[in-house]
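Please read the structure below before turning to the comments.
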Amino acid sequence: MTIADEPLAAFRQETRAWLAENCPAEMRVPETEETACWGGRRFVFASAAQRLWLERMAARGWTAPDWPREYGGGGLGPAEARVLREEMRRIGARRPLDSLGLWMLGPALLEFGDEAQKRQHLPPIARGEIRWAQGYSEPGAGSDLAGLSMGCADRGDHWLVDGSKIWTSYGDQSDWIFCLVRTDREAPKHKGISFLLIDLDSPGVSTRPIKLISGEAPFTQTFFDQVKVPKRNLVGRLNAGWDIAKYLLRFERELIGTVASDAARDEGVAARARAALGADGLAAAPELRLEILRYELDAWVMDIALERSRDLARAGALGPVAASVLKLAGTRLNQRRTDLLVSIAGVDGLRFDDGATGETARRWLHSKADTISGGSSEIQLNIIARRALELPGDGY
Ligand SMILES: Cc1cc2nc3c(=O)[nH]c(=O)nc-3n(C[C@H](O)[C@H](O)[C@H](O)COP(=O)(O)OP(=O)(O)OC[C@H]3O[C@@H](n4cnc5c(N)ncnc54)[C@H](O)[C@@H]3O)c2cc1C
């Protein structure tokens with residue numbers, strides 16, 4: 001240990017002791033879709049421990065460890081934030097809060113928001129009081145996001161918004177939505193978009209659930225019928241929203257790229273194979289062992305790439321294409337992981353019920369959606385081809 005490491009060692013010790021005392025035992029078991037804490041006005045906590053864990057972490061600013069303290073964050077530097085992640089991982093501590101506000105809007109507001117917007121929105125996000133939805137896709141604009149048409153007209157003392165958004169994840173359970181809106185129909189399509197924050201309780205907003213084959217409705221179509229929005233809710237400059245949209249997408253894509261690494265912490269594929277098939281039984285089959293080994297090695301490399309990209313991002317040195325590479329690689333890796341888990345479980349792996357086996361099938365199905373949400377794999381390949389490899393082509 002060098003002298004420079006000493007403060008970090010002390011921070012690790014303090015963090016370890018604090019977590020040991022404050023992370024409830026129930027919050028040290030893997031999170032499932034049902035037990036995730038999303039916060040917000042409409043959220044019903046699954047247990048008293050879940051609420052306590054959120055409150056304790058938020059009070060310390062550790063729901064947003066690297067945000068400045070004045071906006072509800074922990075004010076940690078990159079090295080300290082990494083120590084916190086490692087120490088939480090060591091005891092299997094769950095994330096206290098899952099939140100589009102934390103993962104996407106927060107970083108965008110820190111970069112592009114004005115002081116009043118930061119003070120109004122960031123602390124409630126960090127405390128888990130306001131849940132945000134993402135209003136990017138429209139019925140006619142998915143991959144071609146810049147072709148969006150939801151209108152936003154200047155009415156002097158307010159904006160007037162008309163149109164609809166689609167595939168809004170949990171639109172009916174969210175409190176606010178960050179939207180891309182068309183503020184200039186004459187300008188080239190990327191140059192007439194603005195970034196607007198809308199309270200979903202505003203008169204004229206309604207949601208319609210979109211029911212999936214599973215019977216669940218995790219998405220809504222979100223309608224805006226002559227919705228009045230205060231002028232102060234426009235982030236950044238008028239018609240300069242595309243830059244904010246792209247900046248935010250980098251965070252979304254990198255986050256989706258972590259899906260395999262996050263899940264791998266919950267359950268090792270090799271451990272599953274040994275438990276389900278017997279260490280000396282089918283789990284010893286060379287083909288399966290080789291596939292698991294290849295997966296585990298790639299997952300290990302992915303973890304290193306993610307840590308490195310976090311460091312680069314904090315140093316402001318992460319290129320815009322990196323998030324596309326991480327998303328593409330991470331989501332493909334997760335599909336290999338869930339394929340393996342289903343193969344290991346055999347026919348039971350396809351059972352779609354509420355039990356532990358159902359969780360395998362649900363994760364397997366969800367892994368298909370990860371290569372679509374946040375921009376499909378084909379779009380990431382286009383971005384990499386154009387911007388990293390400089391191959392010919394249009395757009396992106
Ligand atoms: C789980 C999940 C959650 C989501 N949550 C949200 C949310 O909260 N808010 C939100 O705004 N949106 C959300 N979305 C929507 C998501 O952003 C879009 O589904 C995605 O951008 C693709 O757009 P699309 O569905 O319109 O498909 P399309 O754009 O119609 O694409 C259809 C197919 O064509 C391919 N394709 C399209 N253009 C090209 C091209 N130029 N080159 C090569 N191939 C191409 C695509 O890869 C895809 O395979 C979510 C989606 C999923 C799956």
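Where a number appears in this text, it was derived from the coordinates with a stated rule and is not lab data. Not measured: the values here are computed from a predicted model. Heads up, the Cβs are rebuilt from the backbone with ideal geometry, glycines too, and the neighbour counts pull from every protein chain shown.
Brief remarks follow.
- Residues satisfying the stated conditions in segment 195-227, i.e. surrounded by 14 or more Cβ atoms within 10 Å (Cβ to Cβ) and more than 16 Å from the ligand (Cβ to nearest atom): D199, S202, G204, S206, V227
- Qualifying residue in segment 148-165 (condition: surrounded by 15 or more Cβ atoms within 10 Å (Cβ to Cβ), β-branched (V, I, T) and within 13 Å of the ligand (Cβ to nearest atom)): no
- If you go through segment 209-230 and keep only what is under 30 Å from A361 (Cβ atoms) and more than 23 Å from the chain's Cα centre (by Cα), you end up with I213, G215.
- When residues of segment 22-64 are limited to those that are without any contact (Cβ under 8 Å) to a residue 12 or more places away in the chain and outside any helix (DSSP H, G or I), the one farthest from A133 (Cα to Cα): F45
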